């Protein structure tokens, strides 16, 4: 039998203290010292996004004032009463050590935070050892490489972050395995997986994890205590759960029934930690300090609960319906700012509920965690980004600045689109001798052959546009400057993409002139309406 790895005490969460020192803490110490911790430094953004959803309901259980807790459903019936309690909790400046000890010392939770507990391992299902078997009944694990994000699996897996193969798997330290476990439960793929035999049928396919291909936004306080209190989602209607006790997976009395109905989606625990579509089981080394193998399979085939994630932006699709904004590794965070600052009524987005009803003054940045993926198996890139303290510019607090930022953003987007089009036109003119260069001639572009200038121009435009954007957000900056400023950035990006050596060619010179005029046309006044 392996040794225990108790996540309450084991130092598995990397953090940075307010003193600047980096260290690792367990769950108990994290909450006891949250007011001394400046940031969570989990190097895997998908794991960090999932960890925040694990920590938020624990914070709700612990944060209290005069015996009232932030997870009290009766208090949540009146939003003003709940917000008042949150204000009092924030003023206390730290979690009560007695409340921290009371939660992590609950008798019913004994062993539930052990990563390798034989009956109730943390966020895992020990039944997989008997259910994930081959046709002869022998254990059929998924492999440690299947657990660790970034490692290749199978014979065609690309080597992204190290040289690992299924024939020579490398064990993972237990602390890091906990990160990847959380990341898989929140961002794991759909489709084929390790078969699980519960009845006579051996099923080997599952659904995508609840956060797959998404980006999450959190109000980020000056220390972790404030961050965690603000991460507790404002009570919202998540279904018919009146009179049903809320529970996170480690708080549930029994393991879930993979063939039964889903538990009600209660607030805040099940809403944040009860929507998993995968089941996992880690295989520890004899000393319990590392993980040597893992099982990953489906947890349920019931239709998922439809619920609004409190940390996601919803954007309107072409059919008028809303869906979570997908993560894009090439899209900088400042391009999402207006969706975080503006109210929802007049725009094609819905602000994350976690950024609503924030206490004043709003002098906090926003932290974003994203994972650029497709809906099935392909993982492209994960990212983490933090803004300056922009929440002070939410529309409810500073409508002028919120709309100024919206104007700057939409101007930058319009100029970026025009730059892409102009660069494609320029390449067409420079390389196709049949193009009619008369002023009124229409130039037909082939989307399959955009040429190299469009990509090169965009790669130069967006970083420079970000610098210009933050310059335009300085107090007292006039919105009327935005058009000229971003057009100048686009013209420079176009010239750099074409390159000085090419401009001596007469066709390139004409192409550049045409493209510059297309961009400059954005500065001309719109024609008067008839």
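The values are calculated or read from the model by the stated rules, or taken from the named source; none is laboratory data. These numbers were taken from a predicted model, which means no experiment stands behind them. All Cβ positions, even for glycine, are placed from backbone atoms using ideal geometry, and neighbour counts span all protein chains on display.
Taking the range 10-22, which residues are surrounded by 14 or more Cβ atoms within 10 Å (Cβ to Cβ) and closer than 10 Å to residue 40 by Cα?
Across the range 10-22, the qualifying residues are 13, 14, 15, 16, 17.
If you scan the range 35-53, which residues turn out to be within 14 Å of residue 224 (Cβ to Cβ) and not in a loop (DSSP other than H, G, I, E, B)? Spell out how you get there, then give the answer.
Residues of the range 35-53 within 14 Å of residue 224 (Cβ to Cβ): 35-42, 48, 51-52.
Across the range 35-53, the qualifying residues are 35, 36, 37, 38, 39, 40, 48, 51, 52.
Does the range 406-416 include one or more residues that are modelled with pLDDT under 95, more than 22 Å from residue 493 (Cβ to Cβ) and surrounded by 14 or more Cβ atoms within 10 Å (Cβ to Cβ)?
yes
Kindly establish whether residue 403 is touching a helix residue (DSSP H, G or I) at 6+ places or on another chain (Cβ under 7 Å), in a helix (DSSP H, G or I) and surrounded by 13 or more Cβ atoms within 10 Å (Cβ to Cβ). Let's see the steps before the verdict.
Working: touching a helix residue (DSSP H, G or I) at 6+ places or on another chain (Cβ under 7 Å): no; in a helix (DSSP H, G or I): yes; surrounded by 13 or more Cβ atoms within 10 Å (Cβ to Cβ): yes.
Judged against the criteria, residue 403 is not a match.
Please count how many residues of the range 177-205 are part of a strand (DSSP E or B) and closer than 18 Å to residue 293 by Cα. Lay out the reasoning, then the answer.
Within the range 177-205, the subset part of a strand (DSSP E or B) is 191-197, 202-205.
If we keep only those that are closer than 18 Å to residue 293 by Cα as well, we get 193-196.
The qualifying residues number 4.
Which condition breaks for residue 339 when tested against (1) out of contact with any helix residue (DSSP H, G or I) (no Cβ under 8 Å at 6 or more places or on another chain); (2) closer than 26 Å to residue 82 by Cα; (3) touching a residue at least 40 places away in the same chain (Cβ under 8 Å)?
It fails just one condition, (3).
Any residue at all in the range 214-226 that's buried (at least 21 other Cβ atoms within 10 Å of the Cβ) and within 28 Å of residue 143 (Cα to Cα)?
Looking through the range 214-226, at least one residue is buried (at least 21 other Cβ atoms within 10 Å of the Cβ) and within 28 Å of residue 143 (Cα to Cα).
Which strands (runs of 3 or more DSSP E) sit wholly inside the range 245-337 and have at least 2 residues that are within 28 Å of residue 131 (Cβ to Cβ)? Quick ask: steps written out before the conclusion?
Values: elements: 278-284, 290-298, 314-316, 322-324.
Strands (runs of 3 or more DSSP E) meeting the threshold: 278-284, 290-298.
Got at least one residue in the range 372-381 being touching a helix residue (DSSP H, G or I) at 6+ places or on another chain (Cβ under 8 Å) and more than 23 Å from residue 214 (Cα to Cα)?
So far as the range 372-381 goes, no, none of its residues is touching a helix residue (DSSP H, G or I) at 6+ places or on another chain (Cβ under 8 Å) and more than 23 Å from residue 214 (Cα to Cα).
Do we have residue 181 as outside the structural domain of residue 386 (by TED's automatic domain parsing) and surrounded by 21 or more Cβ atoms within 10 Å (Cβ to Cβ) here?
Here the answer is yes, as residue 181 does meet what is asked.
Exactly one condition in (1) modelled with pLDDT under 80; (2) surrounded by 19 or more Cβ atoms within 10 Å (Cβ to Cβ) is false for residue 514; which is it?
Among (1) modelled with pLDDT under 80; (2) surrounded by 19 or more Cβ atoms within 10 Å (Cβ to Cβ), the lone unmet condition for residue 514 is (1).
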